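All remarks here apply to the structure that follows.
Since every read-out is calculated from the coordinates, none of them should be taken as a lab result. It should be emphasised that the depicted structure is a prediction, and the values quoted were computed from it without experimental measurement. Don't worry about glycine lacking a Cβ; one is built from the backbone with ideal geometry, like all the others, and counts go over all protein chains shown.
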Amino acid sequence: MVMSDYRIIAPLGKGGNCEAYLAEYGEEKRKVTVKKCREIDGEVSAGIKKNMETEARILSGLNHRSIPKFIEKSGNTIVLEYMPGDSLEKIVLKRGAVKEKEAARIAKDLAGILRYLHGRREPVIYRDLKPANIVISEEGKVSLIDFGAARYYKPYERSDTVNLGTMGFAAPEQFGNLGQTDPRTDIYCLGMTLLQMVSGVNTQDAEAVTRYKQNGVKGISPEFMSIIRKCTSPDRDDRFKSAKEIMIALDNYPKMVRKRGFRKAIKALVAAFFISVLVAGAVAHSESTSALAYEYGEMAKEIAIKDANERLPQVKLRFSYARTRIEEYLKDIGVIDVERKSEKMLFDRADS
């Protein structure tokens with residue numbers, strides 16, 4: 001097939017080296033992505049040509065549902081499978097920060113893609129993971145596009161031939177002459193992507209990034225933030241060692257959130273128990289007051305007894321409500337029956 005067989009429909013985006021277009025061909029009007037090298041004064045530089053050749057070679061060897069399939073290359077143009085949906089960048093700009101549950105789902109899908117790339121016989125380092133290169137379909141499918149900065153990992157090389165990446169998302173080693181990029185480089189980019197996803201922070205604002213990493217993000221659990229911090233450690237030896245480790249962490253962290261919730265509930269139960277003791281003491285004091293009042297007249301006695309009889313049921317009712325709410329919370333966070341029974345005993349003692 002020749003390039004003239006493709007009919008350009010609309011532009012998809014442009015970068016420093018290439019321009020991408022949505023196109024269609026054939027009677028079925030199959031949609032594809034046509035990516036062309038950008039020309040400067042009517043010519044394409046040797047470096048841009050080489051990057052496109054590398055991209056075509058890498059994509060032609062990949063087969064993953066979340067990575068566009070390579071179709072063909074002609075001159076300074078390549079044709080790829082079209083991945084429908086909006087970029088994560090547009091989604092965040094349009095709707096605001098992503099909720100934690102959805103962010104964790106997207107993170108796990110991205111970690112799965114990285115695990116595929118890094119686990120190949122000739123590992124592929126993506127190097128430009130950022131919201132603009134992540135596409136989310138209407139059904140929620142996560143795809144990774146634009147492999148223009150990707151390279152093969154070669155263990156024997158001391159550094160990258162060309163430094164590529166996006167400021168604000170790129171790891172320190174991508175621009176700091178700190179050795180060649182490796183799987184942990186993509187892990188750093190993933191962490192910065194997650195941070196922007198849940199906070200909306202401008203990742204080029206170093207002070208704001210540091211503030212969020214230290215103080216957390218409103219509505220985001222400390223456990224999820226710890227995953228982000230580990231991904232984005234400046235020293236790559238302190239990051240997750242592999243995408244598989246990230247997937248395990250994402251699977252396990254909800255349990256840690258529930259445990260923290262359980263500990264919080266226990267503290268609330270203990271506080272409620274001691275309050276009930278104080279209230280019981282106050283009621284007993286009220287009863288003794290009524291006995292004393294008897295000596296000073298039947299009217300004072302009746303007032304004191306009536307006051308105690310009115311207050312005690314109300315106190316018990318409040319603790320009954322509190323007990324029900326806390327038991328429902330413990331049920332929601334999946335606390336085992338033995339733990340629920342232990343807390344029930346505390347309430348029973350408070351009620352008695």
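Quick look at the numbers
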| item | result |
| --- | --- |
| Shape category assigned to the stretch 201-245 from the gyration tensor of Cα positions, a/c cut at 1.5 | oblate |
| For VAL32, residues with placed amide H under 5 Å, excluding near neighbours | ALA23, GLU24 |
| In the stretch 61-142, the GluC sites (Glu not before Pro) that fall in loop regions by DSSP, at most 10 other Cβ within 10 Å | GLU138, GLU139 |
| Loop sites in the stretch 117-208: chymotrypsin sites (Phe, Trp or Tyr not before Pro), DSSP, at most 11 other Cβ within 10 Å | TYR156 |
| Karplus (6.51, -1.76, 1.60) ³J(HN,Hα), θ = phi - 60°, over the stretch 248-257, in Hz, Gly and Pro reported as x | 5, 4, 5, 6, 8, 5, x, 5, 5, 4 |
| Where labels lie 7 Å past Cα in the beta-carbon direction, separation of ARG263 and THR324 in nm | 3.1 nm |
| Separation of alpha-carbon centers, the stretch 192-252 and the stretch 43-93, rounded to whole Å | 28 Å |
| Length-normalised contact order of the stretch 111-150 in % [C-alpha pairs under 8 Å, at least 6 apart] | 34 percent |
| Inter-probe distance in nm under a simple model that places probes 7 Å from Cα toward Cβ, at ALA208 and LYS94 | 2.2 nm |
| The stretch 78-212 shape via C-alpha gyration tensor axes, a/c threshold 1.5 | oblate |
| Built amide H within the under 5 Å cut-off of THR181, gap 5+ | ASP160 |
| Above-threshold pairs, the threshold being 20 Å between Cα atoms, out of LYS29/LYS141; LYS29/LYS49; LYS69/LYS90; LYS50/LYS154; LYS94/LYS130 | LYS29/LYS141; LYS29/LYS49; LYS69/LYS90 |
| At R0 = 45 Å, FRET efficiency that the Cβ-Cβ distance of ARG30 and ASP235 yields, to 0.05 | 0.45 |
| Three-way shape call for the stretch 1-137 based on the alpha-carbon gyration tensor, with the a/c threshold at 1.5 | prolate |
| Net lengthening on full extension, ASP5/ARG115 (0.36 nm per residue, minus Cα-Cα) | 36.0 nm |
| Length-normalised contact order for the stretch 1-145 - Cα pairs under 8 Å, 6+ apart - percent | 19 percent |
| ³J(HN,Hα) computed for each position of the stretch 110-127 - Karplus, 6.51 cos²θ - 1.76 cosθ + 1.60, integer Hz, glycine/proline x | 5, 4, x, 5, 5, 4, 5, 5, 6, x, 6, 4, 10, x, 10, 9, 6, 6 |
| Segment GLU72-GLU102, extension gain: residue separation times 0.36 nm, minus the distance between their alpha carbons | 7.3 nm |
| Low-density loop positions, trypsin sites (Lys or Arg not before Pro), the stretch 120-214 - DSSP coil, at most 11 other Cβ in 10 Å | ARG121, ARG158 |
